[in-house]
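Beneath this line is the structure, given in structure tokens, with notes to follow.
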Amino acid sequence: AKRNGRNRYELFRPELEAVSRLRRQMEIDLRRALHRGELQMHYQPIIEKAGCRISGYEALIRWQHPTRGPVPPMEFIPLAEETGLIHELGTRALNLACQEAATWTNGETVAVNLSPVQFKNSELVKTVALALEDAGLPAHRLELEITESVLLANTEGNIRTLQALKDLGVRISLDDFGTGYSSLSYLRSFPFDKIKIDRSFVRDMGESREAMAIIRAITGLSSSLLIEITAEGVETEEQFRQLQQEGCSHFQGYLFGRPVAAEHRMQEIGVHEIG
Ligand code: C2E
Ligand code: CA
Ligand code: CA
Ligand code: CA
């Protein structure tokens, strides 16, 4: 057994080292990316039910690595969170998005994702206020998307921070709704302006009664709580039609438009395009 243990140790160590070397390299690369401007924001339209107008855009970060090509946010956001780089990255994303939105002439909103780790920074409210001021963007045109995990750790402190953000005049959305634990109870802990139904429910609603039931529970609740509902990941006209019927107020997904660089931003949506 002892021998076996030793063999195992020797077998695993080089692999672990390789993994941590890769991580360290990625961290170095990400730090460099921040300073060399390899990070960019893309914008995906959010469609309003009434009149199929574009009411705003979600800002989604993109990293074009000089040799590896595009790195998906699901790969580098967790790394940024673990290394603390998320504070700088998050501030950068926020500033870029606010500056871009300030150039939009139809008063569209811009939605920016906040990592739960950013709530550990006591300067968060100041950072947001400064981003708005620097960009000259009215606060009501900024939406901050948070996930349920923000309400799990340091609950009271984070709710105070959310309230302070709301007092600035920005809107607060609850993102990826339905994927966490005791989801519905979170709606009582803070007056969210908007709920975003996670893409997985939209994807499954055609085949799964459970997914549909959850969507109904959310839309039912929202009408009594006066919260807007965005359905994410809308890819088909059938999904769009059903979600409209269920009372969703906003829609986002490839059916309407993919996230694109600011210069390619889709500014209008033709009704004919979406049936
Ligand atoms: P999210 O906030 O849930 O963003 C929505 C994701 O769904 C985006 O992926 C978007 O490209 C994708 N999506 C939109 N419509 C459709 C559709 O119709 N079908 C499918 N299959 N996918 C769709 P993306 O851009 O890869 O971002 C992944 C996640 O990375 C985001 O999920 C968010 O959690 C995180 N993220 C992205 N940008 C930022 C950022 O600036 N800051 C932070 N903290 N997180 C970010
Ligand atoms: Ca989001
Ligand atoms: Ca989401
Ligand atoms: Ca998601």
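Quick note: the coordinates plus some simple rules give every number you see, no bench work behind them. Please read all numbers here as calculations on a predicted model, not as lab measurements. Heads up, the Cβs are rebuilt from the backbone with ideal geometry, glycines too, and the neighbour counts pull from every protein chain shown.
Before moving on, here are some points about what is shown:
- Label-to-label distance, nm, for residues given as residue 35 and residue 127 (7 Å Cα→Cβ offset): 1.9 nm
- Of the residues 123, 228, 263, the one that moves most in a GNM of the chain with alpha-carbon contacts below 10 Å is 263.
- Residue-averaged 222 nm ellipticity for the chain, from DSSP H runs of 4+ at -39500 (n - 2.57), nearest 500: -15000 deg cm²/dmol
- Rounded to whole numbers, the Karplus 3J(HN,Hα) couplings from phi for the range 199-211 are 3, 4, 6, 5, 4, 8, 4, x, 9, 10, 5, 5, 4 Hz, using 6.51 cos²θ - 1.76 cosθ + 1.60 with θ = phi - 60°, and x at Gly and Pro.
- Interchain or long-range residues, amide H under 5 Å from residue 42's placed H: 60, 61, 62
- In terms of its alpha-carbon gyration tensor, the range 37-130 comes out oblate; a/c meets the 1.5 threshold, while b/c is at least as large as a/b.
- Karplus (6.51, -1.76, 1.60) ³J(HN,Hα), θ = phi - 60°, over the range 108-122, in Hz, Gly and Pro reported as x: 5, 8, 10, 9, 10, 7, 10, 6, x, 5, 5, 6, 7, 8, 5
- Inter-site label distance for residue 263 and residue 184 at 7 Å from Cα along Cβ, in nm: 5.0 nm
- Degrees separating the helix 2-36 axis from the principal Cα axis of the chain, which is the longest one: 50 degrees
- Coordinate range of the alpha-carbon atoms in the chain per principal axis, descending: 68, 47, 41 Å.
- Folded to 0 to 90 degrees: helix 86-101 orientation relative to the chain principal axis, Cα: 30 degrees
- Relative to the longest principal axis of the Cα atoms of the chain, the long axis of helix 155-168 lies at roughly 50 degrees.
- Gained length - residue 75 relative to residue 254, 0.36 nm times residue gap less alpha-carbon distance: 62.3 nm
- Sites residue 226 and residue 106, calculated FRET efficiency, Cβ-Cβ separation with R0 30 Å, nearest 0.05: 0.80
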